[in-house]
Amino acid sequence: MAKILVFGVRAEELAKIKRAAGNIKLRVEEVPLILYRQEMGVLSEAKLLSLSESVQLGEREGIYEGSPIPESLIFMCGLSEKQLDKLLLALGQSEVKVDYKAVLTAENARWNVLRLLAELGREKAIYGQGLKP
């Protein structure tokens with residue numbers, strides 16, 4: 001199922017994202033901080049409320065208990081190319097300000113958001129220097 005996961009997005013930006021996504025009939029879900037150690041593939045397929053409850057009741061190793069992450073992320077899961085194009089256009093027109101945008105891939109599906117943000121930060125730094133990763 002196509003949906004958008006958001007991490008650390010401010011309320012005013014979240015409202016813009018929801019408007020843009022709603023026009024394309026995409027669901028937007030805020031990922032609670034406690035789930036930041038879960039794999040992106042799991043988050044993309046799960047109902048976040050029930051996952052959050054089960055993580056809290058289950059193993060402590062799957063729970064993120066650290067400080068809030070300063071970066072914001074829009075993570076697009078299962079969108080068709082047409083949906084992705086429409087969403088990116090709508091986000092640009094709405095002047096949504098987030099640090100990163102990413103799509104679910106076979107590679108990053110096994111990462112948690114902490115690793116994904118670290119990789120995105122590394123790539124941003126490399127591209128900022130005019131190098132290729």
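Residue pairs whose Cβ atoms lie under 8 Å apart, separated by 6 or more positions or on different chains, with the first residue in region 79-101 and within 22 Å of G121 (Cβ to Cβ) and assigned to a strand (DSSP E or B) and the second of a type outside the set (F, W, Y) and open to solvent by 100 Å² or more (accessible area, probe 1.4 Å), are Y100/K124.
Quick one: in region 75-133, which of the residues that are of a type in the set (K, R) and farther than 22 Å from E12 by Cα is surrounded by the fewest Cβ atoms within 10 Å (Cβ to Cβ)? Can you show your working first?
Of all residues in region 75-133, those of a type in the set (K, R) come to 82, 86, 97, 101, 110, 115, 122, 124, 132.
Now drop any that are not farther than 22 Å from E12 by Cα, which leaves 82, 110, 115, 122, 124, 132.
Details: K82: 9, R110: 12, R115: 14, R122: 11, K124: 13, K132: 7.
Among them, the one singled out is K132.
Within region 106-126, the residues that satisfy the criterion of being touching a helix residue (DSSP H, G or I) at 6+ places or on another chain (Cβ under 9 Å) and not small (G, A, S) are N108, R110, W111, N112, V113, R115, L116, E119.
Of all residues in region 32-42, those satisfying the criterion of being buried (at least 20 other Cβ atoms within 10 Å of the Cβ) and either in contact with a Gly (Cβ under 9 Å, 6 or more places away or on another chain) or without any contact (Cβ under 8 Å) to a residue 40 or more places away in the chain (or both) are L35, Y36, Q38. Inside region 1-13, residues that are touching a helix residue (DSSP H, G or I) at 6+ places or on another chain (Cβ under 8 Å) and crowded, with 19+ Cβ neighbours inside 10 Å make up a count of 6.
Being of a type in the set (D, E, K, R) and touching a residue at least 40 places away in the same chain (Cβ under 8 Å) is the filter; apply it to region 14-31 and report the residue that is surrounded by the fewest Cβ atoms within 10 Å (Cβ to Cβ). So that I can check it myself, show each step before the final result.
First, pick out the residues of region 14-31 that are of a type in the set (D, E, K, R): 16, 18-19, 25, 27, 29-30.
Subsequent filtering for residues that are touching a residue at least 40 places away in the same chain (Cβ under 8 Å) retains 16, 19.
Values: K16: 19, R19: 14.
Checked region 14-31; the qualifying residue surrounded by the fewest Cβ atoms within 10 Å (Cβ to Cβ) is R19.
From the list R122, R110, which residue is of a type in the set (K, R) and in contact with a strand residue (DSSP E or B) (Cβ under 9 Å, 6 or more places away or on another chain)?
Values: R122 fails: in contact with a strand residue (DSSP E or B) (Cβ under 9 Å, 6 or more places away or on another chain).
Selected residue: R110, the only one of R122, R110 that is of a type in the set (K, R) and in contact with a strand residue (DSSP E or B) (Cβ under 9 Å, 6 or more places away or on another chain).
The values are calculated or read from the model by the stated rules, or taken from the named source; none is laboratory data. This is a predicted model, so every value here is computed, not measured. All Cβ positions, glycine included, derive from the backbone under ideal geometry; neighbour counts span all protein chains shown. Accessible surface areas use protein heavy atoms only, side chains included; no ligands, DNA or RNA. Shrake-Rupley method; radii C 1.70, N 1.55, O 1.52, S 1.80 Å.
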